[in-house]
Amino acid sequence: MKYAPKTSITKANAIRSNRNRLKFLLVICGLILLVGMISWPYIEEFLEERNAKPIPKISIESIDLEKKTVTNPRIIGTDNDHQPYIVTASSGEQLDKDRVLLRQVKGTITLKDGIVVMADANMAQTQSHQAESIYFYDTVHMTYDAVQKVTTQDAHLDFKKGLLYTENPVEGQGPDGVVSAQSFSFDYKNKVLVLKGKASLTIFNKG
C-alpha cells in the first residue's frame, strides 16, 4: 500500500479551503451587488429628496421679541427642482409655533429657462419652520414672464409641488387678450395652465 506524502495532502486541503473561501466571497459579493442594484433607485430618490430641500435662508432688519414681530423679513431658498425663490415682506408676526403672518408680501421664483413667476398681496401666511408654501390673500396679483397677469382674492404658491393656484374667481390679461374663470391652477414646472368653472376668453384684434 502506497501513502501520499503528508505535504501533498496538506497542499490539497489548503487549495480546497482557498477555493471554498473564494466561492463564499463571490457569493457574498454577488448578493451585495444584487441588493445594491435593487435598492439603488430608492437610495437615489432619498438622496435627491435630501438635496432638493435645502434649508431656506432668512434675514430680518429688526425684531421685537415682546410683540413677536420682525421688519423687512426676507426668505431665500430653492424648490424641489433647484429653482431659486425669494419672499420679502414689510413685516412679519409669529401667530403660533407653526405659522407666520406676513404683510405687504411678494414672492418670486426664477425658472430654469429664466422666466420669473411672481405673486404679491397685502397679506400672506407661511410655515415658521420651513417655507415650502405660501398662502397669499387680500388682493393678489400674479405675473408670469412680466406680461401675463392674473388678479384674484387669494392664492397658494407651493414650492414643493411647483403649483400656483386658487379656488376663487380670477381675471387675467396678456398681450393677446383677457381671460376670466371661477378658479385656476398653474403648474409652472411643466408650464400647464388650467382654468376651471365658467371661463371666458377674449382675444385682442391686432389688425
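Things to note:
- Each Lys and Arg Cβ is given +1 and each Asp and Glu Cβ -1; about its Cα centre, segment 57-203 then shows a dipole of about 140 debye.
- Relative exposure of M118, M142, judged by other C-beta atoms within 10 Å (fewest first): M118, M142
- Close amide H contacts of G177 (hydrogens built in the peptide plane, cut-off under 5 Å, sequence separation of 5 or more or a different chain): F204.
- Net charge of neighbours whose Cβ lies under 14 Å from the Cβ of S180, counting Lys and Arg as +1 and Asp and Glu as -1: +2
- Given charges at beta-carbon only (K, R positive; D, E negative), |dipole| of segment 144-207 in Debye: 160 debye
- Extension gain for I58-Q153 works out to 31.5 nm (0.36 nm per residue, less the C-alpha to C-alpha distance).
- Total formal charge among the other residues, if their Cβ is under 13 angstrom from that of L163, Lys/Arg +1 and Asp/Glu -1: -2
- In this structure, A146 and R99 have a Cβ-Cβ separation that, at R0 = 25 Å, corresponds to a calculated FRET efficiency of about 0.20.
- Coupling constants for segment 150-157 follow from the phi torsions by the Karplus curve (6.51 cos²θ - 1.76 cosθ + 1.60, θ = phi - 60°), and in residue order they are 10, 10, 7, 8, 8, 6, 10, 10 Hz; glycine and proline get x.
- With K and R counted +1 and D and E -1, the other residues having a Cβ less than 10 Å from that of V140 yield a net charge of -3.
- L163-E66 FRET efficiency (beta carbon distance; Förster radius 35 Å; 0.05 resolution): 0.40
Any read-out appearing in this document is the output of simple, stated calculations on the displayed coordinates, not a laboratory observation. The model shown is predicted, which means the values in this text are computed figures rather than measured ones. Neighbour counts are summed over all protein chains in view; Cβ atoms, including those assigned to glycine, are modelled from backbone coordinates with ideal geometry.
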